[in-house]
1. State yes or no: is Thr38 outside any loop (DSSP other than H, G, I, E, B), among the hydroxyl-bearing types (Ser, Thr, Tyr) and in contact (Cβ under 8 Å) with a residue 60 or more places away in the chain?
2. Taking His27 and the conditions (1) more than 29 Å from Ser224 (Cα to Cα); (2) part of a strand (DSSP E or B), which numbered condition does it fall short on, given that it satisfies the others?
3. I'm told Leu458 meets every condition in (1) closer than 17 Å to Arg328 by Cβ; (2) of a type outside the set (Gly, Ala, Ser); (3) outside any loop (DSSP other than H, G, I, E, B); (4) touching a strand residue (DSSP E or B) at 6+ places or on another chain (Cβ under 8 Å) except one. Can you identify the failing condition by its number?
4. Looking at Ala449, Ala482, Ala430, Ala488, which is the one that is among the hydrophobic types (A, V, I, L, M, F, W, C), under 19 Å from Leu250 (Cβ atoms) and in the same structural domain as Leu264 (by TED's automatic domain parsing)?
5. Considering only residues of segment 19-37 that are within 26 Å of Leu394 (Cβ to Cβ) and among the charged types (D, E, K, R), which is surrounded by the most Cβ atoms within 10 Å (Cβ to Cβ)?
6. Of (1) touching a residue at least 60 places away in the same chain (Cβ under 8 Å); (2) assigned to a loop (DSSP other than H, G, I, E, B), Ala13 satisfies all except one. Which?
7. Output the residues belonging to segment 272-283 that are surrounded by fewer than 24 Cβ atoms within 10 Å (Cβ to Cβ) and in contact with a helix residue (DSSP H, G or I) (Cβ under 8 Å, 6 or more places away or on another chain).
8. Given (1) among the basic types (Lys, Arg); (2) in a helix (DSSP H, G or I); (3) in contact (Cβ under 8 Å) with a residue 60 or more places away in the chain, identify the lone condition not met by Arg393.
Amino acid sequence: MQNIWKCFPGVQANRGVDLCLLPGEIHALLGENGAGKTTLMSILAGMYRPDKGKIILKGQAVAFNSPQDAMAKGIGMIYQHFMLVPRLTVAENIILGDKRYPFWIRKKQLKTEVEKTIAHYGFQLDPDKKVSGLSLGEQQRVEILRALYRKSEVLILDEPTAVLTPGEARELFTILRQMADEGRAVILITHKLNEVMAVADRVTVLRKGEVVESLPISRVDSRSLTRTMIGRETRTNYRKLLEKDGSVALKVEALQVAGDRGELMVKGINLEAREGEMVAIAGVAGNGQEELLQALAGMRRATAGRVFLQGSDITRLTVRELLQRGVRMIPEDRMHTGLVGNLGVAENIILRDYQSPAYSSKTLLKSKHIDQVAKSLVERFTISTRDLISPIRLLSGGNLQRLMLARELLPKPALLLASYPARGLDVGAAEHVYALLDEARSQGTAILAVMEDLEEILQHADKVAVMYNGRLSPLIPTGEAAMDQLGAWMAGIDWPQEASPAVS
């Protein structure tokens, strides 16, 4: 890629970027949220056309008018935000758009073909299951399989391990290394520097749309990469654990919660979180974590068990009643269930509280006061935005997450339910998010966070439990937790006898 420029309204995403990709290598692409990584790779994958610059493939200049053009040339991309058709099955999504298959292919033949690929790469997926019924983690695996199935010569992966266990991530990297050894080229967009150091051959760093460094991995280390990405040293020591124990804020007793199809997803778990404490729930997506948080937030009814907040039974309260009690939530999918992309910053700030007397009279919104609150939050949470009215879908992932935190932490909640608070964020953005959560803890907020990165859990949380197949392991202080043990539990291996029992 030579001298690539790409501009969106109000945003210069790429500025004269040069990128050289060699056959047989795994090339890591790093940069803060908004640095232009995904835009650059979307150009290579045919999603966007550059405003200026050239793409040269095997010595020949090429121009892609669509992702289909790029795929025909052997370039495939797995996006951070999934590109699947919910109403189709796993098998149908894997072959979708593949011209090797006629329109009239038999379902039995299709299932057999896809099952071979699923078995070859060791993924646990039902080829007949519709994507609409899959967890985010399972959807990610379908995306990975679709690209691997087509044997792309250039494979681009945008945060591919975000919803995988450490063991699954190692298996994926083994597959990627095999592909590279066969002469294919792999581009890995990731914020996990340990992954870069473990699997990459070369690394390119973008900052504000420009290349600031491109080197063999042997000439860098995690610390130097962090400095290059964000232009400064990062904070490494976080306050953990209160000097004295806070009182119990959240208590969950024998809670059971059903999924969308009536199957039991949360199977009789017990859990406590104290004031000023962050409790992390580790696990691969799809093991009941989402249903647990939805039940605690009033978005889904529990089928059995009880939930207490500061000693009061809140099991049957509605979402609005829980908001009034100080229960706030950062959902897993910020752009579908957390924020409204076509609204501005100010409108999203009041989205959950617009009926509050602070924001509205009986008939009208208090626009001036809303703008004042929004401006103060933009400054306090360092949200980078042109103004308060532009659609927030134009913001980077880090700014969207800060906006979510600004809205949910504004009322100083008693309990914050956070689903993957730093997923997909670069080192600097994640650092800021955890600093904000740390500030909330210091003010007495109890935080229950669903997370998958064990290193982040051990660094930032006070206690950790693993959720697998709807069951919960015992809570362990992070200072006493072993990463290998947690990783095994995430895969259902050596499950502790004293964990919450399975309920049929």
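1. On the way: outside any loop (DSSP other than H, G, I, E, B): yes; among the hydroxyl-bearing types (Ser, Thr, Tyr): yes; in contact (Cβ under 8 Å) with a residue 60 or more places away in the chain: yes.
Yes, satisfied.
2. (1)
3. Here Leu458 meets the rest and fails (1).
4. Details: Ala482 fails: under 19 Å from Leu250 (Cβ atoms); Ala430 fails: under 19 Å from Leu250 (Cβ atoms); Ala488 fails: under 19 Å from Leu250 (Cβ atoms).
None of the others qualify; the one that does is Ala449.
5. Our first condition is that a residue be within 26 Å of Leu394 (Cβ to Cβ); within segment 19-37, this holds for 19, 29-37.
Next, only the ones that are among the charged types (D, E, K, R) stay: 32, 37.
Values: Glu32: 23, Lys37: 27.
Out of the qualifying residues, it is Lys37.
6. Evaluating Ala13 over (1) touching a residue at least 60 places away in the same chain (Cβ under 8 Å); (2) assigned to a loop (DSSP other than H, G, I, E, B) leaves (2) as the failure.
7. Step one: filter segment 272-283 for residues surrounded by fewer than 24 Cβ atoms within 10 Å (Cβ to Cβ), giving 272, 274-276, 279.
If the condition is that a residue be surrounded by fewer than 24 Cβ atoms within 10 Å (Cβ to Cβ) and in contact with a helix residue (DSSP H, G or I) (Cβ under 8 Å, 6 or more places away or on another chain), then Gly276 is the only one that fits.
8. (3)
The values are calculated or read from the model by the stated rules, or taken from the named source; none is laboratory data. Computed from a prediction, not measured in an experiment: that's the story for all the values here. Glycine also receives a Cβ, built like all others from the backbone with ideal geometry; neighbour counts cover every protein chain displayed.
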